[in-house]
1. Would you list, by chain and number, the lysines whose Cα falls below 18 Å from the Cα of residue 95, excluding same-chain residues fewer than 8 positions away?
2. Which of the residue pairs 128/167; 137/202; 58/101 have a Cα-Cα distance greater than 21 Å in the structure shown?
3. Looking at the square roots a ≥ b ≥ c of the eigenvalues of the Cα gyration tensor of the range 103-189, which shape do they give, rounded for a/c under 1.5, prolate if a/b is larger than b/c, or oblate?
4. Based solely on its DSSP helices, what 222 nm [θ] is calculated for the chain when runs of n ≥ 4 H residues each add -39,500 (n - 2.57) and the sum is averaged over all residues, nearest 500 deg cm²/dmol?
5. Read phi for every residue in the range 119-131 and hand back ³J(HN,Hα) as whole Hz from Karplus 6.51 cos²θ - 1.76 cosθ + 1.60, θ = phi - 60°, with x for Gly and Pro.
6. The list (1) 15.2; (2) 12.1; (3) 13.7 gives values of mean projected area of the Cα convex hull in nm², and only one came from this structure; which label was calculated from it?
7. Sequence gap at least 6, Cα distance under 8 Å: using those rules, report the relative contact order of the chain to the nearest whole percent.
8. Classify the range 31-122: rounded, prolate or oblate, from the alpha-carbon gyration tensor (a ≥ b ≥ c, eigenvalue square roots; a/c under 1.5 rounded; otherwise prolate if a/b is larger than b/c)?
Amino acid sequence: GQGINPVHIAQTVRPITIEILEEGNKQSLTKMGGEKRLLDIADFFIDTAEIKHHLGTKFYIWAYDFDWPFYEILAPWTSGMAQGFVIEIMIAAYKITKNEKYLETARLAANAMAIPINTGGVAIKLSKGLWFEEYAKTNMKPPHVLNGHIFALNALWYLAELDQQYKQLFEDGMMGLRFLLPSFDAHIWSKYDLAGTPANRKYQRIHVYLL
């Protein structure tokens, strides 16, 4: 069977993560023990982070320990979308607790988004801006998955609100999105990636929502 899927783990607390980030009414979720679940997942990610360094920059990644046959990726591989979801959880945990360890973990997760795929991060340098790859593996042709890049961008936006140092990384990602977005246009529909996969109905709706 499949091993640890960081995005799926993050999605188990996504509703409360987003409510806390948006500072909405979280009483209903708090009553259901949502905040405790969120902190448990945040601590899980801190405990399972893989520590990496590149040119003096420390960063954290959460690798997938199973193969992904659709893109012919062998384990381990990393994901800009996973990095983004972890950042959001850490910021939410920081907002609840004011414990700096969560904000610091968010920064370390975001650092991976400035590091090229071939040196262990999830970034692709475009002729204009950066792309945060959802399926990142050294020495493979990256598929450029649209929803994964935008989810990663969202997380950087929340982080830049707390730490101005990450504003440029967000802006670079936005530039990359503007640069490549026309390539995802299939006229009356959209493409899931630039490897030629059309979006299914679910992802067509997600694209519209994210954009």
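1. List returned: 26, 31, 36.
2. Values: 128/167 16 Å; 137/202 25 Å; 58/101 15 Å.
Listed pairs above 21 Å: 137/202.
3. On the way: a/c = 2.04, a/b = 1.34, b/c = 1.52.
Oblate.
4. Working: 9 runs with 105 residues, N = 211.
Calculated mean residue ellipticity at 222 nm is -15500 deg cm²/dmol.
5. Listing the rounded values in order: 10, x, x, 10, 8, 10, 7, 9, 5, 9, x, 10, 10 Hz.
6. (2)
7. Details: 354 pairs, mean separation 34.2, N = 211.
The normalised contact order for the chain reaches 16 percent.
8. Numbers: a/c = 2.68, a/b = 1.48, b/c = 1.81.
Judged from the Cα gyration tensor, the range 31-122 comes out oblate (a/c at least 1.5, b/c at or above a/b).
The values are calculated or read from the model by the stated rules, or taken from the named source; none is laboratory data. Everything numeric here is computed off the predicted structure, so don't read it as measured data. Each accessible area value is taken on the protein alone, full model and side chains, heavy atoms only, with ligands, DNA and RNA left out. Shrake-Rupley method; radii C 1.70, N 1.55, O 1.52, S 1.80 Å.
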